[in-house]
Amino acid sequence: MRIKVLGCSGGVGPGLRTTSLLVDDELLIDAGTGVCDLSLAQMSRISDVLLTHSHLDHVCGLAFMADNLFDLIDRPLRIHATAETLQAVRDHVFNWIIWPDFTQLPSPEHPLISFHELKPRETVELRRLKFTGFEVLHTVPAVGYVIDSGSGVFVFTGDTYADERLWSFLNSLPRLDRLMIEVAFPDEDSELARVSRHFTPELLGRELKKLAHRPKLFLTHHKPGAERAIEQECLTSLAGWDYSHLKRGDIILS
Ligand SMILES: [Zn+2]
Ligand SMILES: [Zn+2]
């Protein structure tokens, strides 16, 4: 499995894009502004999108991508997410006010997008990869994903905060090779991180002690402008861990 990081920033700015991962050129995990760098040919190859949660930085690219696909695809782009996330995207994005309802266009019989409920802890197989969602703690209903390629197990937590369920679920996995986890704020913003349900380096370092596996860590979702402070604080808080700070364009093989 080849994962290309289209975006992994906690915000936008020159060279920064929000969360979207391109898996084997055919699947997306989240559809933030990173999607907007794909060519029409690349967009039309994508068959399925899995969403972690409904926040704008993870779904806004869907709106523009769907609009681009008229005349380019002869089957709907399948959007997979929990019932709560699908409802939020229906009610607040594809509602004919913010954007057209592309589940009805160009016709209800041949729509551009279709919604598919994915229940946490259930495994779906897409393009020979096994995806299992698991609940995480954020300000809205949110999940992370385990992707088992047969040769490696990769986990993306999405946006999350300290939560016993996260560690007990990850510890229940027989194998965990690579863990992409967020650390959005520097330690000085720990109160903001607590109310917005994001990690700081200090909290992540403390929480990771509960993890029974020793995966390679890929750190993501740093707030623009806070990257240097977060990197500096991780030197201490994540000492002993094999980790890297993800950047747009990075490739993860699993
Ligand atoms: Zn979020
Ligand atoms: Zn986010």
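The values are calculated or read from the model by the stated rules, or taken from the named source; none is laboratory data. In this text the structure is predicted, and so the values were computed from the model without any measurement. So basically every Cβ, Gly included, is an ideal-geometry build from the backbone, and we count neighbours across all protein chains shown. For accessibility, only protein heavy atoms count, side chains too; no ligands or nucleic acids. Shrake-Rupley method; radii C 1.70, N 1.55, O 1.52, S 1.80 Å.
Under the condition of being surrounded by 14 or more Cβ atoms within 10 Å (Cβ to Cβ) and either polar (S, T, N, Q) or within 20 Å of LEU176 (Cα to Cα) (or both), the residues counted in the range 230-241 number 3. Of the residues making up the range 4-20, those that are in contact with a helix residue (DSSP H, G or I) (Cβ under 6 Å, 6 or more places away or on another chain), outside any loop (DSSP other than H, G, I, E, B) and more than 9 Å from ligand 2 (Cβ to nearest atom) number 3. For SER190, all conditions in the list (1) on the phi > 0 side of the Ramachandran plot; (2) over 20 Å from the mean Cα position of the chain (by Cα) hold save one; what is the number of the exception? That leaves (1) as the condition not met.
Which residue out of SER196, SER244, SER254 is small (Gly, Ala, Ser), within 20 Å of SER151 (Cα to Cα) and open to solvent by less than 50 Å² (accessible area, probe 1.4 Å)? Matching residue, one of SER196, SER244, SER254: SER254.
Examine the range 205-228 for a residue that is assigned to a strand (DSSP E or B), more than 16 Å from ligand 1 (Cβ to nearest atom) and open to solvent by 50 Å² or more (accessible area, probe 1.4 Å), and state whether such a residue exists. Within the range 205-228, one or more residues are assigned to a strand (DSSP E or B), more than 16 Å from ligand 1 (Cβ to nearest atom) and open to solvent by 50 Å² or more (accessible area, probe 1.4 Å).
What number of residues within the range 97-128 satisfy the criterion of being out of contact with any strand residue (DSSP E or B) (no Cβ under 7 Å at 6 or more places or on another chain), over 17 Å from CYS60 (Cβ atoms) and open to solvent by less than 40 Å² (accessible area, probe 1.4 Å)? Residues meeting the conditions: 2.
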